[in-house]
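Visitor: Just passing along the structure, written as structure tokens.
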Amino acid sequence: MFSSIGAKIFALVALILALVAGGVIVLVEQDVSEAMLAAEDRSMDNVLNLVELTIAGRYNGLVRDKVAATNAYKERLTTLTSVIVAGLRQFQKLETPDAQKAAMAWIAELHQGNDSYVVIIDAQDRILIHPDKTLEGQPQDALRDIKGRLLLRAMREETRRYGQAFATWRWPSRTGGEDSRRFGLFVPFDAWGWLICITVDVGLAEDAMERRLAETVETLREHMPRIRFAQSGFVFMFDGAGKIVVPPRNQTADFAAAVNLQTGRPLLEDLQAHARGDRHERVQFAVQQPDGPGPLMQADVSWFKALDWHIAVCAPLAEIHAPSRALIRQISLVVLGIFVVSVLLTRAIIRRVARPLRDLAGYAAALPEQDLTVPREGEFPLAALAAKKGFSRDEVAHLAAAFVSMEGSLRQRVQELMQLTASKERIESELGIAREIQLGLLPKIFPPFPNREELDLNALLVSAREVGGDLYDFALLDERRLFFSIGDVSGKGVPAALFMAIAKTLVKGAAERRSDPARMMAQVNAQLSQDNPNCMFVTLVIGILDLQTGEIQLANAGHNPPVIMDAQGVRYLPWQGSPVAGFMEDVVYTGFSVTLAPGDMLLLYTDGVTEAMNNALQLYGEDRLLTTLREAAPESAKAATDAVRDSVTHFADGAEQSDDITMLCLRWKGSTPHSS
């Protein structure tokens, strides 16, 4: 019945599960413990939310009253300003030398109480009219508003922009004592260069707000100590400056100066950091009491930002965890009993299973040191264990037999792998040589013509495989003409590389014999189409640049449209090419010409650029190519090719390159005596 390891393990697990099930039945109170902890957490949250809602409700009432008072001030000031401006316009119509003096006398006679009055400021920021005659004629260019701005400069700028402006600032009180806090409306009177200000004292309103806020604090001081949870939990409140607003109930320690014994930092700083940071976990603290260190507390803190108040709900950690700890003690006793019984049973079983398993482990440990390239000499170490029959043949015996079979297979596979590796190394060596030969066919020294100042040319090729099918070439046909070409052979790997070498040779030969790119293309197509049983083809662009005039003659055989960068911007040449080369004979190719201005650039590329894909299988695309060149604004041919290559690499984001990436860029700098 128990002859297999599976049966033995099943018996052991079944016994352990039975013991655990009995323990779970006895310890059903565990769920109650978790519920109690969750209830205490919810209790703390509810208390915190209740206090927050109370404070928020009273503060919102204060804000509404303040907004209503401010709007009343604005309406009053706007009405008075309209009357004064209308009166000044009447005085302006007098067109007499004393019109300004008469207007000032009129304004001075207007009723001005202690809380509101009119101030006139001239263009030099001097006070012309003020109830305090000692200020008249005095410059006020250093006066600042509550935002720290130069008051008169800011008001002149805002009135020019909006026609009027409101501001709050401090000014010496007319009756002596502390500076009064003023709220005023500024309006320009451009005819005389005056800035009119009607201001009121808002100190009384703010004092009323402060009194209401103090009443709120007293209410909180009265009611917050009545809040109870756990056995001795309490709530207190402090502000951002570390001042206790509502003290904690029944606490002898000075929380304002207390140090958190857990962190060594001021307690209120720790509570502030918790309130303004991550509140997912409770903060723990302990403070020094007159008779020694206090109990470890757990707190949740919230921040009422508008008043910079912090509300802390605290309870002794021991009181929160007391019920759960009692249950944990019971669980520990049961688990310990289960553990002892399990160890005794497991030990008895391991004695029967461990010996053959040790043999298997020893064999597995020695296997990596074996020379698997030659046949084993002598008897197999696990032969006796693998040969067990009948009742004694359990899973260990089957495993030993599998090891015997595995070693034989390993020795056979190692031999095959050695042969395959030797073959692969030979192929990789040949492909590496082919890659070097292929790259040797392409120009790779840049700048290629350092003595030709009128020409800036750069090219690059990034192959998707060890050898690829993309090609580019360029050469000076004479002192005035530059030949260049770029192409993409169908297919990948060695066949494409061979066809590329043939195509490059034919293109170079056609360039040496003919002067028209269209005729060059026709000759290359005719030669490639002959004896082409695999129907391979190449997309190709052939061009001739006149280094004296900047004119480029082009022929296109099914290749991507070149990009031109000139005074009109970055765009594709509006020209469609002819069919691909090498697919059919007797194709007629038409040419196309474009003239570069000094500094203009022409970029030729293969579809490995625009069809590059990222891990999301999105294509790089022709629009992204134009955007990259516009943003890079390259000043050299190398800068243009490098910008596109880096952009494609960043877009691919590690995705495997699926096609060769080839680019050729030339920039004509203008005619030189050498090109003439």
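Where a number appears in this text, it was derived from the coordinates with a stated rule and is not lab data. Just so it is clear, the model here is predicted, and its values are computed rather than measured. For neighbour counting, all protein chains shown are included, and Cβ atoms are generated from backbone atoms with ideal geometry for every residue, glycine included.
Visitor: At a Förster distance of 25 Å, what's the computed FRET efficiency of D179 paired with K305, Cβ-Cβ distance as r, to 0.05?
Guide: Efficiency at R0 = 25 Å is approximately 0.30.
Visitor: Now, a different point. Under 8 Å for C-alpha pairs, at least 6 residues apart: give me the relative contact order for region 195-275, rounded to a whole percent.
Guide: The normalised contact order for region 195-275 reaches 16 percent.
Visitor: Taking a point 7 angstrom from the Cα of L37 along the C-beta vector, which residues in region 281-304 have backbone N less than 19 Å away?
Guide: Backbone N within reach: 281-285, 296-300.
Visitor: Same structure, new question: Hey, how many Å between the Cα centroid of region 211-258 and the Cα centroid of region 470-540?
Guide: Centre-to-centre distance over Cα atoms comes out at 89 Å.
Visitor: Another question, then. Give the peptides 234-246, 552-564 in descending order of average Cβ contacts within 10 Å, highest first.
Guide: Result, highest mean Cβ count within 10 Å first: 552-564, 234-246.
Visitor: Further question on the same structure: Could you give the nm distance between label points at E453 and I244, where each point is 7 Å from its Cα heading toward the beta carbon?
Guide: It works out to 8.5 nm between the two label points.
Visitor: What lysines does K669 reach when the alpha-carbon gap must be under 26 Å and sequence neighbours fewer than 8 apart in one chain are set aside?
Guide: Counting by Cα, and skipping residues close in sequence, K669 has these lysines nearby: K444, K508, K638.
Visitor: Using only Cα atoms, locate the centre of region 609-655 and the centre of region 132-172, then give the distance between them in Å, rounded to an integer.
Guide: 55 Å
Visitor: Run down the lysines and flag those whose C-alpha is under 19 Å from the C-alpha of K93, throwing out any fewer than 8 positions away in its chain.
Guide: Result set, ordered by chain and number: K101.
Visitor: Under a 5 Å amide H to amide H cut-off, with H placed in plane at 1.01 Å, what residues pair with G599 once short-range neighbours are removed?
Guide: W668, K669, G670
Visitor: I would also like to ask the following. To the nearest 0.05, what FRET efficiency results for H223 and K66 with a Förster distance of 25 Å applied to their C-beta separation?
Guide: So, using R0 = 25 Å, E works out to roughly 0.55.
Visitor: Show me 301-313, 50-62, 328-340 ranked by packing, highest mean number of other Cβ atoms within 10 Å first.
Guide: 301-313, 50-62, 328-340
Visitor: Could I ask something else about it? What is the spin-label model distance, in nm, from I328 to Q262 if the labels are put 7 Å beyond Cα along the C-beta direction?
Guide: Result: 1.5 nm between the two label points.
Visitor: A further question follows. Taking K and R as +1 and D and E as -1, what net charge do the other residues with C-beta under 14 Å from the C-beta of L77 add up to?
Guide: Spelling it out: positives minus negatives among the neighbours equals 0.
Visitor: Still on this model: Around A99, what is the net charge, scoring Lys/Arg as +1 and Asp/Glu as -1 over all other residues with Cβ under 13 Å from its Cβ?
Guide: With Lys, Arg at +1 and Asp, Glu at -1, the net is +1.
Visitor: Please give every one of the lysines within straight-line cross-link reach of K147, meaning a C-alpha to C-alpha distance under 25 Å, and leave out same-chain neighbours fewer than 8 residues apart.
Guide: Those lysines meeting the cut-off are K66, K74, K305.
Visitor: Per 0.36 nm of contour for each residue apart, how much would the distance between N614 and S593 grow if the chain were fully extended, relative to their Cα-Cα spacing?
Guide: Using 0.36 nm per residue and subtracting the Cα-Cα distance, I get 4.0 nm.
Visitor: Moving to a separate point now. With a/c under 1.5 counting as rounded, go ahead and sort region 442-668 into rounded, prolate or oblate using the C-alpha gyration tensor (a ≥ b ≥ c being the square roots of the eigenvalues; past the cut-off, prolate if a/b is larger than b/c, else oblate).
Guide: Note, shape of region 442-668 comes out oblate.
Visitor: Given points 7 Å out from each Cα along the Cα-Cβ axis, report the L50 to Y162 separation in nanometres with one decimal.
Guide: Spacing of the two 7 Å Cα→Cβ label points: 4.4 nm.
Visitor: Further, regarding this structure: Under 14 Å from the Cβ of V47, count the other residues' Cβ atoms, weight Lys and Arg +1, Asp and Glu -1, and hand me the total.
Guide: Summing Lys and Arg as +1 and Asp and Glu as -1 gives 0.
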